[in-house]
1. What number goes with the only condition from (1) surrounded by fewer than 18 Cβ atoms within 10 Å (Cβ to Cβ); (2) at pLDDT 95 or above; (3) outside any helix (DSSP H, G or I); (4) within 19 Å of the chain's Cα centre (by Cα) that Val71 does not pass?
2. Give segment 99-124 a look and list any residue that's charged (D, E, K, R) and either within 14 Å of the chain's Cα centre (by Cα) or in a helix (DSSP H, G or I) (or both), or say none.
3. Among the numbered criteria (1) of a type outside the set (Asp, Glu); (2) surrounded by fewer than 19 Cβ atoms within 10 Å (Cβ to Cβ); (3) in contact with a helix residue (DSSP H, G or I) (Cβ under 7 Å, 6 or more places away or on another chain), which one does Val51 miss?
4. Among the residues of segment 122-154 satisfying the criterion of being among the aliphatic types (A, V, I, L, M) and within 19 Å of Ile234 (Cα to Cα), which is surrounded by the most Cβ atoms within 10 Å (Cβ to Cβ)?
5. Within segment 31-48, track down each residue that is within 18 Å of the chain's Cα centre (by Cα) and assigned to a helix (DSSP H, G or I).
6. If I ask for residues that are assigned to a loop (DSSP other than H, G, I, E, B) and hydroxyl-bearing (Ser, Thr, Tyr), which ones from segment 164-200 would you list?
7. Please state which one of Glu28, Glu18 is closer than 16 Å to Gly246 by Cα, part of a helix (DSSP H, G or I) and free of Cβ contacts under 8 Å to residues at least 12 places away in the same chain.
8. Scan segment 201-244 for residues that are among the small types (Gly, Ala, Ser) and not in a helix (DSSP H, G or I) and jot them down.
Amino acid sequence: MRKKIVAGNWKMNKNLQEGIQLAVALNEVLSKENNSCRVIIGTPFIHLASVSERIDKKKLGLAAQNCADHVSGAYTGEVSAEMVKSTGAEYVILGHSERRTYYGETPEMLKTKVRLALDQQLQPIFCIGEVLSEREAGKQFEVVRSQIEASLFDLSEADFSKIILAYEPVWAIGTGKTATAAQAQEMHAFIRGLIAGKYGKKAADDCSILYGGSCKASNAAELFANPDVDGGLIGGASLTVEDFMGIVRAR
C-alpha cells in the first residue's frame, strides 16, 4: 500500500535559528499526535545537520531541496548527494519548477541527480508539472509525460519504487490559484496510468503522488479525498506550525 505523505518545502525562507525553532516546534506537536501520514520538511541546506539532530525521524522526515548533478569536484557552491546524506537527511526534492525555470535544470541533469540521490540511499521527491501557457494550449499531459519519461523511465522497477512524485500545476504556485480537485485527480490518474504502462499495475498502485499547487488547510481535505492524490508538497503554508499541521491533519 502506498504511503500518504505531506511534505513541506521551505524554499529560501527561515534563517538557521528560525528554522531550528520551527522544526523543533513541529516535532513537538507531531510527537503528541497519531497521524496517518508521513510528514517531511524540506529545509535549506544550512539547516539540515542542525535540524537532523533535534527531530525524531520516526515522526518527522528531513529533505534537502536539491542536490548537485556531480559526485564531487570543483563545483563552487554546489552540494552533492553524499553531502546531503551525511547531514542525516533521508529525502531530496528534485526537479522543482523553480529549479527548472530559474536555473535551467534539464531532464538530462535531473536524470543524473536522481541516479546520484538513489546511489546515496536518498529518496527523491520528483516534481513535474505544466506552466499556464501549456495548460491553456491543452499540452499538460504531453508535458508531464515528457518530464517523467525523460528523467525517470530509464530506472529499474526496483529503483523507481523509491521515487515519490509531486505534481505541480506551475500556474497554481504562489498565484493564489489552485487546480480544482477534479483537475488534480485527472492529472494524478494520468500519471499513475503512465507508471502502469511502464512498470505494471502494482508499481503504479504503490507510487505516492503528491499535489503541489497552493495547497492550504482550507482546500487540503477536498484535494486529498481524490483516490489518486496521496498527499501534498506544501510551500508557503509549511512555514508555520499552525498552517502546516492544518494540512497534515486533513490527510
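The values are calculated or read from the model by the stated rules, or taken from the named source; none is laboratory data. Just so it is clear, the structure is predicted and the values come from calculations on it, not from any experiment. Positions of Cβ are generated from backbone atoms using ideal geometry, with glycine treated the same way; all protein chains shown enter the neighbour counts.
1. (4)
2. So the first thing to find is which residues in segment 99-124 are charged (D, E, K, R), and the list is 99-100, 105, 108, 111, 113, 115, 119.
Answer for segment 99-124, where residues must be charged (D, E, K, R) and either within 14 Å of the chain's Cα centre (by Cα) or in a helix (DSSP H, G or I) (or both): Arg99, Arg100, Glu108, Lys111, Lys113, Arg115, Asp119.
3. Status for Val51: all satisfied but (2).
4. Taking segment 122-154 as the starting set, the residues that turn out to be among the aliphatic types (A, V, I, L, M) are 122, 125, 128, 131-132, 137, 143-144, 148, 150, 152.
This time we only want the ones that are within 19 Å of Ile234 (Cα to Cα), so: 125, 128, 131.
Working: Ile125: 28, Ile128: 26, Val131: 19.
Applying the filter and picking the extreme gives Ile125.
5. Hits for segment 31-48 are Phe45, His47, Leu48.
6. Here is the first cut: in segment 164-200, the ones assigned to a loop (DSSP other than H, G, I, E, B) are 168-169, 173-180, 200.
Thr175, Thr178, Thr180 - these are the residues of segment 164-200 that are assigned to a loop (DSSP other than H, G, I, E, B) and hydroxyl-bearing (Ser, Thr, Tyr).
7. Working: Glu18 fails: closer than 16 Å to Gly246 by Cα.
The unique qualifying residue is Glu28.
8. Start the filter on segment 201-244 by keeping residues that are among the small types (Gly, Ala, Ser), which leaves 203-204, 208, 212-214, 217-218, 220-221, 225, 231-232, 235-238.
Those that are among the small types (Gly, Ala, Ser) and not in a helix (DSSP H, G or I): Ser208, Gly212, Gly213, Ser214, Ala225, Gly231, Gly232, Gly235.
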